[in-house]
Amino acid sequence: MTVALPRRLLGEAVGAFFLFATVVGSGIMAERLAGGNVAVALLANTMATGAILFVLITMIGPISGAHFNPAVSLVAAMRGDLRWWDAMAYSVVVSLGGIVGVWAAHLMFDLPILQWSVRPRSGIGQWMGEGIATFGLMMTIVGTVRHRPSWVPISVACYISAAYWFTSSTSFANPAITVARSLTDSFAGIAPADVGMFMIAQLAGAVTGAIFASALFDSPPP
């Protein structure tokens, strides 16, 4: 039975809240405890993000598909797995729920709720990193859904954990979280001026990933 849209949107909003709060909150905690060691801070941030992704996708996937990412919703709509209207609604609630999650992280750590990031993230290398990170995420999701659907939670969690380290941008791979991270002047932040190019790279990577995934996983065997 298809889950009603309001219930799916609630799942997406709650999931985005916890995912974005984890990314920002664990970054704040890691930076405070790492004593200036950026590698240790990134490792802690990675572990927390991978863990919460596994939990949230396992928990909310049966309700909404656990997108938590407008790029994922875009690809789902392109593939006919989600109506375009629903994809737009997903993107709105994910963005709003995620921003509230960022604000909650600030509140938990006694920081000003409203902030702007001053952390620069720009340049060809970073944009390429975002494109590749999002491309790989789409390939991971489509391929695993096609061949091992029960493995989607661990597959996505492992991919994002790896992409934190093999991409120059630390793998945002999500337009909504990119915007939300511009609203935190913490370890996970990105300067608002750099958001636009990150989002362009992510969307380009998502569309390209969808095309390659279709050719690789949807084509009938020879």
Worksheet item: Using +1 on the beta carbon of Lys and Arg, -1 on that of Asp and Glu, and nothing else charged, what's the dipole of the stretch 6-165 about the Cα centre, debye to 20?
Response: 260 debye
Item to complete: Rank Ala16, Met88, Ala66 by how far each Cα sits towards the positive end of the charge dipole of the stretch 1-122 (+1 on Lys, Arg Cβ; -1 on Asp, Glu Cβ) and give me just the farthest.
Response: Met88
Worksheet entry | Residue with peak Gaussian network fluctuation, the chain [Cα springs, cutoff 10 Å], from Val24, Val38, Val75 | Val38
Item to complete: Let me know the shape class of the stretch 7-125, please: from the alpha-carbon gyration tensor, a ≥ b ≥ c as square roots of the eigenvalues, rounded when a/c is under 1.5, otherwise prolate if a/b is greater than b/c, or oblate.
Response: prolate
Practice prompt. Scan the chain and note any complete DSSP helix (H) whose C-alpha atoms cover at least 30 Å along its axis and whose Kyte-Doolittle average is 0.5 or more.
Written response: 5-33, 38-64, 84-108, 124-147
Item to complete: Just the Kirkwood number for the chain, please: inverse of mean 1/r across all distinct Cα pairs, in Å, one decimal.
Response: 17.3 Å
Fill in: Semi-axis lengths (Å, descending) of the ellipsoid that matches the C-alpha gyration tensor of the stretch 35-80
30, 14, 5
Response to the item:
Expressed in nanometres to one decimal, the distance between label points 7 Å along Cα→Cβ at Arg32 and Arg7 is 3.8 nm
Discussion item. Out of the total accessible area of the stretch 129-222 (probe 1.4 Å, heavy atoms of protein only), what percent is carbon and sulfur?
Written reply: 74 percent
Worksheet entry | Stretch gain in nm, segment Val92-Asp110, where the contour uses 0.36 nm per residue and the Cα spacing is subtracted | 3.7 nm
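The values are calculated or read from the model by the stated rules, or taken from the named source; none is laboratory data. Only a predicted model underlies this, so the values are computations on that prediction, with no experimental measurement involved. Backbone-built Cβ (ideal geometry, glycine too); neighbour counts: all protein chains shown. The protein model used for the area step is the full one, side chains on, heavy atoms only, and it has no ligands, DNA or RNA in it. Shrake-Rupley method; radii C 1.70, N 1.55, O 1.52, S 1.80 Å.
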